[in-house]
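Novice: Sharing a structure with you now.
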Amino acid sequence: MNVGSLDQTRSSCHVAQEDNVEMNLAKTFEALPEAPYTLPPNEALALLDVSVGNGLSDEEVRRRAQAYGPNAIVSRRRISALVVLAHQFQSPVVYLLAAAAALAFYFGELEEGSAIAAVLAVNALIGFLTELKAARSIEALRGLGSRSARVRRDGHTRLIPADEMVPGDIVLVEAGDSISADLRLVEGSNLTADESTLTGESVAVDKNTQPVAVDARLA
């Protein structure tokens, strides 16, 4: 499984895509909901101006694709581990602690200097591992554009490249599928998602259609 995907371990569901990209062209519908996961499914669908049964029309898909662009993460050069490590020491607090450690050693306070140096090392290690994992996850997410997605448009089910998905698309998810966009679940049965590459959890997470709090942890 690629990092960043949500692999469905057992599912049969419909979801409406919600993308948090600002629209630069003329609006094709009123507005994208800022937090669709806080709304009941019917309200989210109404704001996205789409129905589960028919999905978006081809004409509406073209308008939204023009307004929002492709469903893809902009490619960037791979971040090296050395860059991530160096970033851990680019902080005024780190500079102050390093100076304090240097002064402690200079005046012969080896115990104090060693303690400060140990704190700096542990802090740098934790920050390095966390940031490196996040960077690798984002890099893996960029590869999701090559995936396909099953959507409902004009009342028909179609298999399209994932980067052609638009806000409001009705996405049909089956067991074993990987999710290539932020989605709001609107219908589902016995749905679980493997989020281990995002959260480190080894057990699949149950999913349902109920709204959640605006500050809820989503993955």
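Novice: So, in the stretch 179-219, how many residues would count as being assigned to a loop (DSSP other than H, G, I, E, B), within 23 Å of Leu132 (Cα to Cα) and hydroxyl-bearing (Ser, Thr, Tyr)?
Specialist: Result for the stretch 179-219: 2.
Novice: Sticking with this one: Is it the case that some residue within the stretch 144-154 is under 23 Å from Leu32 (Cα atoms) and free of Cβ contacts under 8 Å to residues at least 60 places away in the same chain?
Specialist: Scanning the stretch 144-154, I find at least one residue that is under 23 Å from Leu32 (Cα atoms) and free of Cβ contacts under 8 Å to residues at least 60 places away in the same chain, so the answer is yes.
Novice: Quickly run through the stretch 80-102 and pick out the residues that are in contact (Cβ under 8 Å) with a residue 24 or more places away in the chain and closer than 14 Å to Glu131 by Cα.
Specialist: Those that are in contact (Cβ under 8 Å) with a residue 24 or more places away in the chain and closer than 14 Å to Glu131 by Cα: Ala81, Val84, Leu85, His87, Gln88, Phe89.
Novice: Here is a follow-up. Kindly indicate whether Asn71 is within 30 Å of Val166 (Cα to Cα) and surrounded by 12 or more Cβ atoms within 10 Å (Cβ to Cβ).
Specialist: When the stated conditions are applied, Asn71 passes them.
Novice: Something else about it: Please verify whether Pro40 is surrounded by 18 or more Cβ atoms within 10 Å (Cβ to Cβ) and under 17 Å from Asp182 (Cα atoms), treating the condition exactly as stated.
Specialist: Against the criterion (surrounded by 18 or more Cβ atoms within 10 Å (Cβ to Cβ) and under 17 Å from Asp182 (Cα atoms)), Pro40 does not qualify.
Novice: Here is a further query. Checking the condition surrounded by 19 or more Cβ atoms within 10 Å (Cβ to Cβ) and not aromatic (Phe, Trp, Tyr), which residue from Leu125, Leu159, Leu191, Leu120 passes?
Specialist: Exactly one residue qualifies, and that residue is Leu191.
Novice: Taking Ser57, is it of a type outside the set (Phe, Trp, Tyr), out of contact with any strand residue (DSSP E or B) (no Cβ under 8 Å at 6 or more places or on another chain) and on the phi < 0 side of the Ramachandran plot?
Specialist: No; evaluated as a whole, the condition is false for this residue.
Novice: For residues in the stretch 139-150 being in a helix (DSSP H, G or I) and surrounded by 14 or more Cβ atoms within 10 Å (Cβ to Cβ), which is modelled with the lowest pLDDT?
Specialist: Gly145
Novice: Working only within the stretch 192-204, note down all residues that are modelled with pLDDT of 75 or more and touching a helix residue (DSSP H, G or I) at 6+ places or on another chain (Cβ under 9 Å).
Specialist: Ser202, Val203, Ala204
Novice: Next question, about the same structure. List, please: which pairs have Cβ atoms under 7 Å, are six or more places apart or on different chains, and start with a residue in the stretch 205-219 that is at pLDDT 80 or above and end with one that is charged (D, E, K, R)?
Specialist: Within 7 Å, the pairs are Val205/Glu195; Thr209/Glu187.
Novice: Right, another one. Would you tally the residues in the stretch 47-83 being in a helix (DSSP H, G or I) and under 27 Å from Ile179 (Cβ atoms)?
Specialist: Here the count works out to 12.
The values are calculated or read from the model by the stated rules, or taken from the named source; none is laboratory data. Note that this is a predicted model, so its numbers are computed, not measured. A quick note on method: Cβ atoms are made from the backbone with ideal geometry, for glycine too, and the neighbour counts reach across all protein chains shown.
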